[in-house]
Amino acid sequence: MKLLILYYSSYGTNAELARLAAEAGEAKGAEVRVRKVTELAPDAAIDSQPAWRQHVDATSHIPVATAEDVEWSEAIIFSFPTRFGVMASQMKQFIDTLGGLWAQGKTVNKVVTAFTSTNTTHGGQEITVQSLYTQMMHWGCVIVTPGFTTEAISAIGNPYGISVTANSDESGAFFQEDHDTVKQAVQDMVHRLLDITEKINA
């Protein structure tokens with residue numbers, strides 16, 4: 001199975017979710033590509049936030065996503081932060097570049113799910129995930145949600161997608177939620193996504 005993990009992250013929360021997903025996908029036997037979308041913010045904005053600059057520099061080795069990555073994939077995990085209840089503009093801009101792929105029918109039947117994060121508890125997590133799914137309906141994708149299918153996913157508490165609250169206390173922790181619980185929820189969701197992908201492509 002070909003799993004694309006497509007993310008945008010300013011400070012590292014969604015990059016960490018992507019890393020955990022890649023780990024779970026590889027353990028499940030998938031061929032995994034991790035790709036970040038292009039940063040749209042100017043250097044002046046990034047440089048004004050040392051943590052943002054640190055993250056950008058630390059992830060400079062991650063390849064930038066292309067339409068070829070999307071075409072290659074059988075399953076896609078989108079991971080992005082919430083901005084006022086919708087996905088970050090960097091992810092939306094990348095999706096908007098894929099009209100040619102869509103027009104050729106090359107997004108049909110890809111199996112997708114979404115991860116997101118907010119700075120405040122329940123700060124638009126559910127509606128942000130659903131905003132992606134609206135676009136995926138236009139793509140003709142098969143949307144796979146977590147529901148409340150495992151103990152860890154239930155503990156995270158979002159039946160639409162995996163979501164976390166970003167930690168801003170400079171402790172080095174990415175999530176306000178327990179990291180091991182998030183890791184298990186991500187693993188459970190990746191396994192669910194790949195199991196369904198395998199059935200669809202059998």
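Quick notes on this one:
- Condition broken by Gly29, with the remaining ones in (1) open to solvent by 40 Å² or more (accessible area, probe 1.4 Å); (2) part of a helix (DSSP H, G or I); (3) of a type outside the set (Phe, Trp, Tyr) satisfied: (2)
- Pairs with Cβ under 8 Å, 6+ apart, first in region 11-23 and within 15 Å of Glu177 (Cα to Cα), second assigned to a helix (DSSP H, G or I) and open to solvent by less than 10 Å² (accessible area, probe 1.4 Å): Leu17/Val182; Leu17/Val186; Leu20/Val182; Leu20/Val186
- Criterion: within 28 Å of His55 (Cβ to Cβ) and assigned to a helix (DSSP H, G or I) - qualifying residue of Asp188, Asp169: Asp188
- One residue stands out in region 83-99 among those that are among the small types (Gly, Ala, Ser) and open to solvent by 20 Å² or more (accessible area, probe 1.4 Å): the one that is farthest from Val70 (Cα to Cα), namely Ser89.
- Residues of region 172-185 satisfying the condition of being part of a loop (DSSP other than H, G, I, E, B) and either modelled with pLDDT of 95 or more or over 17 Å from the mean Cα position of the chain (by Cα) (or both): Gly172, Ala173, Gln176, Glu177, Asp178
- Candidate set from region 112-142 (those that are under 19 Å from Ile5 (Cβ atoms) and part of a strand (DSSP E or B)); member that is most open to solvent (accessible area, probe 1.4 Å): Val142
- Scan of region 175-191 for residues that are within 13 Å of Gly25 (Cα to Cα), of a type in the set (D, E, K, R) and open to solvent by less than 80 Å² (accessible area, probe 1.4 Å), ordered by number: Asp188
The values are calculated or read from the model by the stated rules, or taken from the named source; none is laboratory data. Since we're looking at a predicted model, the values are computed, not measured. Ideal geometry is used to build each Cβ from the backbone, glycine not excepted, and the neighbour counts take in all protein chains shown. For accessibility, only protein heavy atoms count, side chains too; no ligands or nucleic acids. Shrake-Rupley method; radii C 1.70, N 1.55, O 1.52, S 1.80 Å.
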